[in-house]
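Quick notes on the structure that follows.
Throughout, read-outs are computed from the coordinates displayed, never taken from laboratory work. Bear in mind that the values here come from a model prediction, so they are computed numbers and not experimental data. Every residue, glycine as well, gets a Cβ built from its backbone with ideal geometry; the counts of neighbours run over all protein chains shown.
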Amino acid sequence: MAIHASQQHESAVRRLRWPRARSRADDDAMVAELYRQYRAPLMAYVLRLTAGDRQLAEDVVQEAMIRAWRQADRLDLTEPSLMPWLATVARRIVIDDKRRKSARPAETGDDMLDRVPAGDMTDQVLRKMVVTQALRTLSPSHREVLAETILRDRTVNEAAEVLGIPVGTVKSRVFYALKALRLVLAERGVSV
């Protein structure tokens, strides 16, 4: 019986002996042998780690096999089994996955967006349109003086200098322009 167990171990070691300079055929054989020997026991172990999540378990087993393939030249093939190494790798993959999921905020659906209050700017837009149209009804000199004093935020003296007219004229035009603007806006139902 002891001879039979050592022969099995030697056979497994021989099957998993991978050359340093590997060909595609060697890689295919290596992956096939890893899956043949370790897929079922590793899958059973990982299913327990993942609380029965079969899809996650399959992903973990596949990743563990890929890591074994990548590390083939570093693995100790004199050991009776690669299962302890594969189990450790799989456990770490599961732990890393849990950490990654807990570090990321929970995803929410679009339902939350439907309930987010949005500011209604309709009144502001309509008011702006009405005021713009009302300004167009004023004479060019009245629009010009309002643009300088109100829109460009200049003093009466600065506006007079820019427009090249006396300060008294600017004051008079601002007074009559605002009076005309209020009248037009009142006609359109806008209170000022």
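Pairwise Cα separations in the range 28-178 fall into 5 Å bins from 0 onward with the following percentages, short to long: 1, 8, 12, 10, 7, 5, 4, 3, 3, 3, 3, 4, 3, 4, 5, 7, 7, 6, 4, 2, 0, 0.
The 3J(HN,Hα) values that the Karplus relation (6.51, -1.76, 1.60; θ = phi - 60°) gives for the range 60-70 are, in residue order, 5, 4, 4, 5, 5, 5, 5, 5, 5, 5, 5 Hz. Gly and Pro appear as x. When each of the peptides 66-73, 161-168, 53-60 is scored by the mean number of other C-beta atoms lying within 10 Å of its residues, the order from highest to lowest reads 53-60, 66-73, 161-168. Our note on the geometry: Cα centres of the range 34-50 and the range 162-179, 89 Å apart.
Modelled this way, with points 7 Å down the Cα-to-C-beta line, the labels at Val31 and Glu187 are 8.2 nm from one another.
Spread over its residues, the convex hull of the C-alpha atoms of the range 122-181 is 72 Å³ per residue. Per the Cα gyration tensor, the range 31-98 maps to an equivalent ellipsoid with semi-axes of 20, 12, 10 Å, ordered largest to smallest.
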